[in-house]
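Right, one structure below, let's go through it.
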Amino acid sequence: MGWRLSWAAVSGLGKDEVLVRLGREDSGDPADCFQRRIETGAELPNGWFLLTRGDGFKDAELASLSRGSRLVTGDGDETTMFSAAAGWADGLRQWAVDHNPERGLSDLNIEGEAPPELAAILAQARADQAEAGGDEADVDFVFDVPQALSGALCGWRPDQDNEDWDELEFTRLRRIGEPDPPAKRSWLARLFGG
């Protein structure tokens, strides 16, 4: 079973402002960004602030985050091989790309004026796809295009580490005022009432 994740990377706003706009606070608890039922955040070494969720972001949240900033978003699901990336600025989505293998392994839907980095990334993916057997191949290279575009723009992509950075420290985010979850008891403690 593969990963499934939504992310939003913000440049031009500090972490505190990002969290205020989302109505969130940092719990300070280390977290794995691939846990589906939690939100996480990490400060990237290049100045971007990264948010992750297992269940996506609402357009209203993305519009709010992009006011006065630059925003790159993405979604990926290795189970269905769907992937997407988008760019937002001043409250509006400027461009979007998405790959849905049900439309063919070389499919990439493009809306708006995509960043110039897309051309080389897509050309390489389609060449790799053709070499592997095109739409009849057992591998889907175009799935990686939105992740690669995210990496080219904000420095982070979910499927590989940035070689120039140390390991990122993700922390769990929570709604402002939300209590910490109760501590988990071991199965032995639950069994013996401890």
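The values are calculated or read from the model by the stated rules, or taken from the named source; none is laboratory data. Quick caveat: nothing in here was measured; it's all calculated off a predicted structure. Please note: Cβ atoms are built from the backbone with ideal geometry, for glycine as well, and neighbour counts cover all protein chains shown. We work out accessible area using only protein heavy atoms, side chains counted, and drop any ligands, DNA or RNA first. Shrake-Rupley method; radii C 1.70, N 1.55, O 1.52, S 1.80 Å.
Under a 1.4 angstrom probe, counting protein chains only, how are Glu39, Glu102, Glu178 ranked by accessible area, largest first?
Glu102, Glu178, Glu39
So if we plug the beta-carbon distance of Glu167 and Arg67 into 1/(1 + (r/R0)^6) with R0 = 30 Å, what FRET efficiency do we get, rounded to 0.05?
In this case the efficiency is close to 0.45.
Can you give the angle from 0 to 90° between the axis of helix 144-154 and the longest principal axis of the chain, with both taken from C-alpha atoms, to the nearest 10?
Helix 144-154 and the main axis of the chain meet at about 70 degrees.
What is the ratio of the Cα radius of gyration of the chain to 2.2 N^0.38 Å, where N is its residue count, to two decimals?
So the Cα radius of gyration is 1.13 times the expected 2.2 N^0.38 Å.
What ³J(HN,Hα) values, in whole Hz, does the Karplus curve 6.51 cos²θ - 1.76 cosθ + 1.60 give for segment 158-168 when θ = phi - 60°, with x put for Gly and Pro?
Computed from phi, the couplings for segment 158-168 are x, 9, 7, 7, 7, 4, 8, 10, 6, 4, 6 Hz.
Please report, for the Cα atoms of segment 81-172, the Rg to one decimal and the Dmax as a whole number; what are they, in angstrom?
14.2, 42
Roughly to the nearest percent, how much of the accessible area of the chain is carbon and sulfur, given a 1.4 Å probe?
So the carbon and sulfur contribution to the accessible surface is 48 percent.
Mind listing the long-range amide H neighbours of Gly56? Cut-off is under 5 Å, sequence gap 5 or more, other chains count too, H placed in the peptide plane at 1.01 Å from N.
Ser6
Can you show me the helix-derived [θ] at 222 nm for the chain, built from DSSP H runs with n ≥ 4 at -39,500 (n - 2.57) apiece and divided by the number of residues, rounded to the nearest 500.
Theoretical 222 nm ellipticity from helices: -7500 deg cm²/dmol.
Under the classification rounded if a/c is under 1.5, otherwise prolate if a/b is larger than b/c and oblate if not, where does segment 1-107 fall, given a ≥ b ≥ c as square roots of the Cα gyration tensor eigenvalues?
oblate
Sorted by accessible area with a 1.4 angstrom probe, largest first, how do Val139, Val97 fall?
Val139, Val97
Would you mind working out the accessible area per residue for segment 77-142, using a 1.4 Å probe, and quoting it in Å²?
Counting only protein heavy atoms, the per-residue value for segment 77-142 is 55 Å².
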